[in-house]
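Reviewing the structure listed below.
The values are calculated or read from the model by the stated rules, or taken from the named source; none is laboratory data. What you see is a predicted model; the values in this text were computed from it and never measured. So basically every Cβ, Gly included, is an ideal-geometry build from the backbone, and we count neighbours across all protein chains shown. The area values use the complete protein model at the heavy-atom level, side chains included, leaving out ligands, DNA and RNA. Shrake-Rupley method; radii C 1.70, N 1.55, O 1.52, S 1.80 Å.
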Amino acid sequence: MQNNYQSSEISSRRKNFIIFFIVLTGLIFLTRLFFIQIIDHRYKIFANSNIQRIVTDYPARGLIYDRNGELMVFNEPYYDLMVLPGQVREMDTLEFINLLDITKEQLENRLQAARVYSRFRASVFERQISKDIYAVLQEKLFKYPGFYVQPRTLRKYPEPVAAHTFGYVGEAGPAEIAANPYYRPGDYIGISGIERHYEEILRGQKGTRIVLVDALNREIGSFQEGRYDTLAVAGTDLYASLDLELQMYGEKLLQNKRGSIVAIEPSSGEILALVSSPGYDPNLLVGRIRTQNYQMLQNDTLKPLFNRALMASYPPGSVFKVANFLVGLQEGGITTHSRYGCPGYYRSGGITIRCRTHPQPVNVVSGLQYSCNTFSAIQFRNTLELPKFESMQQALTTWRDHIVSMGFGVTFDSDLSHELPGQIGSADYYDRIYGPRGWKALTVISLAIGQGEIGTTPVQLANLAATVANRGYYFTPHVVKAIGHPDSLNPGFLTRKRTTIDSVHFEVMAQAMFETVETGTGRFSRMDDISMAGKTGTVQNPHGENHSAFIAFAPVENPQIAISVIVENAGGGATWAAPISSLMIEKYINREVKRDWFEQRILDAAF
Amino acid sequence: MRPQFNFFKNIDKITVLLFFFLVIIGWVNVYAAEINENHRSIFDFSQSYGKQFVWIITAILLITIIFTIDMKFFPAFAYIIFGGVMLLLVGVLLFGTTVNASKSWFHIGPVAIQPAEFAKYATALALARVIYDNKSKSRTFKDLLKPLMIIAIPTLLIFLQNDTGTTLVFAAFFIVLYREGFVPGWIIILGIFGVFLFVLTLLINEFVIIGVLTGLSLIIAFFLRKKTSSVKQLLALMLLINAYVYVVDYAYDEILQPHQKMRIAVLIDESVDQRGAGYNLHQSKIAIGSGGLTGKGFLQGTQTKFSFVPEQGTDFIFCTVGEEWGFVGSVVLIGLFLTLLIRIILLAERQRSVFSRVFGYSLASIIFFHFMVNIGMTIGLVPVIGIPLPMISYGGSSLWAFSVFLFTFLKLDSRRLEFL
Ligand SMILES: [Zn+2]
């Protein structure tokens, strides 16, 4: 057997077997093809009498409610006219262009563009066709094979408020499509605000259906009982932490003014109101009118698209004394017993900081109450020059670390979009400017009164008020309270952020802020029925009138709201920002405002 | 003998004709499958059909070069070519680009080359050389070792590229080993029977198969009852088969991964995988089935053009043939392939050199395997495995590789009388 492998007889048998096997395979194929192509007529029916169309089902985007279950964002249905170039046949062009009110060139150009994209994938031919055209088109669609109507939805806002917070939705661009295969040309995607941050939760999951279309271009059913279809999954609803009424009231108070209001619930970090003025009607940035309106808003000199509450970085002025005093108490630069006289100014080494006339001498409580610059400068310098610090760098870094622990100089990494960090002067920075040995406490003394190399955003200031309200900790400020179910909690923001300052010192500051409103710089805004703690501030503005600033929380014993208000070019904090804060607090806690003249004065003001 | 300047002398004209028939059919169908309304010219180089024309022209250039080479070059350089291509396979693993999850492409400027396509050719050369060198002419297991090594190296390297289709193609070399007597016929038959039973087991309840087989064996045993030894052998075989059926059933249920099950399950019942492979297979069958007896006519196909059929120009090119040219077209194409395959085998048999014969059989086996898997896949007889239909599918590497392969053999054949 070993040697006859090459005998011609055996070789020939093997050759014949191989040829037999090849021919057998060919015959099996031909038999199978005979059955498929000639005997079995099902395939011709599938292919000839039906045209299949792949239809995308866009699920409804999740709705957005406010913290009390009031609807803030919903969807309105509309229709896109779609075209599948590969299925377009001869048609009555004249009637078609009259119906859609387009020119013959437009028709040709759009068909050409659709063909260039794909002959077999649908393109949008006309976006958001009107209800009238839709009604007529429904009747006549059978005359235009290859065209069909795709139902879609648009965002709609019952009250034109909180535009910056919601952000907007737009068509996915080439970059988004390249980055995520989920999106196709014509799909919508959240571009900013909540719409962007919660995009995947809000959008749901689109589905595809293969439908059969008859010769009259009408859907006649699903292909193979829908066995190849995927179901669309509806988007999930969100519960914003905003209080719709408070938000509306805040926007009303800031009418004809530039500035911002941020109100936070201290016990959760939930943002109750986030106002940036001037704002815009969110209904302007929806659907086919979006691009045009966006251009208009962008060219507006008042910059309505700019979200001041998160992005405007101001030197905070006197409100920052709260943070500085806390560091002084913690490090031992001052104690609650420290008392200093104020001659109306602070002068040292050729530097003068002016103060105003107020009762003398001052301690840490009355220093804040009267916003004494002299006391602020002394305590700041004492702190930086404490003997325990080996260098000015170490002292300033210690101060800065405390400040950062209160949320300044960094972003909260929250669900807020386009949040900016602001800045807090660092030892490195001063080393670069003055050289490592070229600066001392006096060089940076303006930090003591919240000026100089310091920039804070309104949301950071509101968070400072919330931190004092909590006596030493805060929750990341955020705008979505619950996902899916109103009683659930947004899992991203449940951790307490402790500051590096002991809570006893916060107790002192809470007391000082209370005194500020009772008998100090904020007394004009004092309410009889609600105990408020606050701090006024005047933001130096080299370009014009100073900005009016105020931070507050209330009620002092059981804080439910913490707030920061900045009114640009309005002057002192006590005159405008503090009254606005007190009105917001009254509105939130009592649900109504009784001080009519006080309210009217604000509504009438314009800066 | 005078120096031979007529390179194409003695070339087998029938094979050349068949080759060019298939190439032209392929080009026309790639055009029909992928036609772009805005670029209707078949010579438009921005489209796949225009590029295919370039591939055809360059393939003819390659063929000419092959024919100017002295035929002694091929056995002499067989191992060097093999080694070079194996290095390329290693290189593509390290530096190649990934297309469709397979890391098997070299991109050189605008040209993409798939070394795996040329590995078949190189392996055929090396296999022919190693069997030719086996002067002992014995066929023990030790003799089988070297040929097996030569087949195993590229198989492994291509497997590592995650290119399942091309890896499986190397199984075709077993046909060559069978012809050369390394593998006995019953192993081949057993293999085919095993696959057949495997599918049957998943299709029909295993107890029905066991029952039918037992019944059949008993009937045959009844007629053979006088030859006791045959009856014993038959009954032993029956037991073995029953055990196999049982093991297959168990293995499918318990051992295979879900995605592996899916490929097989789709084949048996196309409704199983609702979105993936099942849909593709269903669309492929609709396209072919709707062609009827004479087809819808050139460029008149609807299914292949509405992008329901995937990979219309490459792996599923047979759909276009079936849809536009109908059963008649299918018969012609399959007929052409069978004629080509038989012609190559007959040419291989008339070689005086073992080298040329083994090389010829390798060529026939590889083309046959591609033909079987590719067309079988489109009509739902073979699982969906992505390999091209030789000479027909769009693609430069495949066309070049098969042209070089076929014409190297024709060169050897044209000089067969000079070979020792
Ligand atoms: Zn003072």
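Would you check if A:Lys252 is buried (at least 24 other Cβ atoms within 10 Å of the Cβ), part of a helix (DSSP H, G or I) and basic (Lys, Arg)?
no
Looking at (1) touching a residue at least 60 places away in the same chain (Cβ under 8 Å); (2) farther than 16 Å from A:Tyr314 by Cβ, find the lone condition where A:Phe408 falls short.
(2)
Could you please find all residues in the stretch A:435-484 being over 27 Å from A:Ser268 (Cβ atoms) and in a helix (DSSP H, G or I)?
A:Ala441, A:Leu442, A:Thr443, A:Val444, A:Ile445, A:Ser446, A:Leu447, A:Ala448, A:Ile449
Quickly run through the stretch A:259-285 and pick out the residues that are among the hydrophobic types (A, V, I, L, M, F, W, C) and open to solvent by 20 Å² or more (accessible area, probe 1.4 Å).
A:Leu284
Has the stretch A:157-166 got any residue that is of a type outside the set (D, E, K, R), at pLDDT below 85 and either open to solvent by less than 10 Å² (accessible area, probe 1.4 Å) or not in a loop (DSSP other than H, G, I, E, B) (or both)? Can you show your working first?
Going residue by residue through the stretch A:157-166, those that are of a type outside the set (D, E, K, R) are A:157-158, A:160-166.
Retained after the next criterion (residues that are at pLDDT below 85): none.
No, the stretch A:157-166 contains no residue that is of a type outside the set (D, E, K, R), at pLDDT below 85 and either open to solvent by less than 10 Å² (accessible area, probe 1.4 Å) or not in a loop (DSSP other than H, G, I, E, B) (or both).
Scan the stretch A:84-96 and report the pairs whose first residue is within 14 Å of chain B (Cβ to nearest Cβ) and whose second residue is of a type outside the set (D, E, K, R) and open to solvent by less than 10 Å² (accessible area, probe 1.4 Å), with Cβ atoms within less than 7 Å and a gap of 6+ or a chain change.
Every condition considered, the pairs that remain are A:Leu84/A:Gly146; A:Pro85/A:Ala114; A:Pro85/A:Gly146; A:Gln87/A:Gly146; A:Val88/A:Gly146; A:Arg89/A:Gly146.
So, of the residues in the stretch B:342-384 that are outside any helix (DSSP H, G or I) and at the interface with chain A (Cβ under 9 Å from one of its Cβ atoms), which turns out to be surrounded by the fewest Cβ atoms within 10 Å (Cβ to Cβ)?
B:Leu381
Any idea which of (1) within 16 Å of the ligand (Cβ to nearest atom); (2) of a type in the set (Phe, Trp, Tyr); (3) touching a Leu at 6+ places or on another chain (Cβ under 7 Å) is the one A:Tyr370 doesn't satisfy?
Every condition holds for A:Tyr370 apart from (3).
Yes or no: A:Phe147 at pLDDT 85 or above, over 22 Å from the mean Cα position of the chain (by Cα) and hydrophobic (A, V, I, L, M, F, W, C)?
Yes.
What number of residues in the stretch A:515-558 are touching a helix residue (DSSP H, G or I) at 6+ places or on another chain (Cβ under 7 Å), closer than 20 Å to A:Phe320 by Cβ and not aromatic (Phe, Trp, Tyr)?
The number of residues fulfilling the criteria is 19.
Which ones in the stretch A:361-408 are touching a strand residue (DSSP E or B) at 6+ places or on another chain (Cβ under 7 Å) and of a type outside the set (A, V, I, L, M)?
Listed by number, the residues that qualify are A:Pro361, A:Tyr370, A:Ser371, A:Cys372, A:Asn373, A:Thr374, A:Phe375, A:Arg400, A:Gly407, A:Phe408.
Take the conditions touching a residue at least 40 places away in the same chain (Cβ under 8 Å), within 39 Å of the chain's Cα centre (by Cα) and within 14 Å of chain B (Cβ to nearest Cβ) and apply them to A:Leu71. Does it pass?
no
Which residues, counting only those in the stretch A:347-359, are more than 8 Å from the ligand (Cβ to nearest atom) and surrounded by 15 or more Cβ atoms within 10 Å (Cβ to Cβ)?
A:Ile353
Kindly provide the set of residues from the stretch A:29-44 that are more than 7 Å from every other protein chain (Cβ to nearest Cβ) and more than 60 Å from the chain's Cα centre (by Cα), ordered by number.
Initial filter on the stretch A:29-44 (more than 7 Å from every other protein chain (Cβ to nearest Cβ)): A:31, A:35, A:39, A:41-42.
Correct list: A:Thr31, A:Phe35, A:Ile39.
Residues checked against (1) over 15 Å from B:Leu160 (Cβ atoms); (2) over 19 Å from the mean Cα position of the chain (by Cα); (3) assigned to a helix (DSSP H, G or I); (4) at pLDDT below 85:
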site: B:Val92; (1), (2), (3), (4): no, yes, yes, no
site: B:Thr98; (1), (2), (3), (4): no, yes, no, yes
site: B:Lys103; (1), (2), (3), (4): no, yes, no, yes
site: B:Phe106; (1), (2), (3), (4): yes, yes, no, yes
site: B:Ala112; (1), (2), (3), (4): yes, yes, no, yes
site: B:Glu117; (1), (2), (3), (4): yes, no, yes, no
site: B:Lys120; (1), (2), (3), (4): yes, no, yes, no
site: B:Leu125; (1), (2), (3), (4): yes, no, yes, no
site: B:Val130; (1), (2), (3), (4): yes, yes, yes, no
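When the stretch A:418-457 is examined, which residues are found to be farther than 18 Å from A:Leu386 by Cα and buried (at least 20 other Cβ atoms within 10 Å of the Cβ)?
Of everything in the stretch A:418-457, those that are farther than 18 Å from A:Leu386 by Cα and buried (at least 20 other Cβ atoms within 10 Å of the Cβ) turn out to be A:Glu419, A:Gly422, A:Ile424, A:Gly425, A:Tyr430, A:Ile449, A:Gly450, A:Ile454, A:Thr456, A:Thr457.
Would you confirm whether any residue within the stretch A:324-341 is within 11 Å of the ligand (Cβ to nearest atom) and assigned by TED's automatic domain parsing to the domain that holds A:Ile449?
Of the residues in the stretch A:324-341, the ones within 11 Å of the ligand (Cβ to nearest atom) are A:340-341.
Those still in the list that are assigned by TED's automatic domain parsing to the domain that holds A:Ile449 too: A:340-341.
Yes, there is a match, as at least one residue in the stretch A:324-341 is within 11 Å of the ligand (Cβ to nearest atom) and assigned by TED's automatic domain parsing to the domain that holds A:Ile449.
Looking at B:Thr339, B:Thr294, can you tell me which residue is hydroxyl-bearing (Ser, Thr, Tyr), open to solvent by 10 Å² or more (accessible area, probe 1.4 Å), within 11 Å of another protein chain (Cβ to nearest Cβ) and more than 18 Å from the chain's Cα centre (by Cα)? Can you show your working first?
Working: B:Thr339 fails: more than 18 Å from the chain's Cα centre (by Cα).
Within the list B:Thr339, B:Thr294, the selection yields B:Thr294.
Which of the residues that make up the stretch A:384-417 are on the phi > 0 side of the Ramachandran plot and open to solvent by 50 Å² or more (accessible area, probe 1.4 Å)?
Passing the criteria: only A:Asp413.
Taking A:Gly317 as the residue in question, decide whether it is small (Gly, Ala, Ser), open to solvent by less than 20 Å² (accessible area, probe 1.4 Å) and within 16 Å of the ligand (Cβ to nearest atom).
Yes; evaluated as a whole, the condition is true for this residue.
Where in the stretch B:156-251 are there helices (runs of 4 or more DSSP H), lying fully within it, with 2 or more residues that are in the same structural domain as B:Ser353 (by TED's automatic domain parsing) and in contact with a Ser or Thr (Cβ under 7 Å, 6 or more places away or on another chain)?
Because the criterion is at least 2 residues that are in the same structural domain as B:Ser353 (by TED's automatic domain parsing) and in contact with a Ser or Thr (Cβ under 7 Å, 6 or more places away or on another chain), the helices (runs of 4 or more DSSP H) in the stretch B:156-251 that meet it are B:173-179.
Could you list all residues from the stretch A:374-421 that are under 19 Å from the mean Cα position of the chain (by Cα) and among the hydroxyl-bearing types (Ser, Thr, Tyr)?
A:Thr411, A:Ser414, A:Ser417
Got at least one residue in the stretch A:373-383 being open to solvent by 40 Å² or more (accessible area, probe 1.4 Å) and more than 9 Å from the ligand (Cβ to nearest atom)?
Yes; the residues of the stretch A:373-383 include at least one that is open to solvent by 40 Å² or more (accessible area, probe 1.4 Å) and more than 9 Å from the ligand (Cβ to nearest atom).
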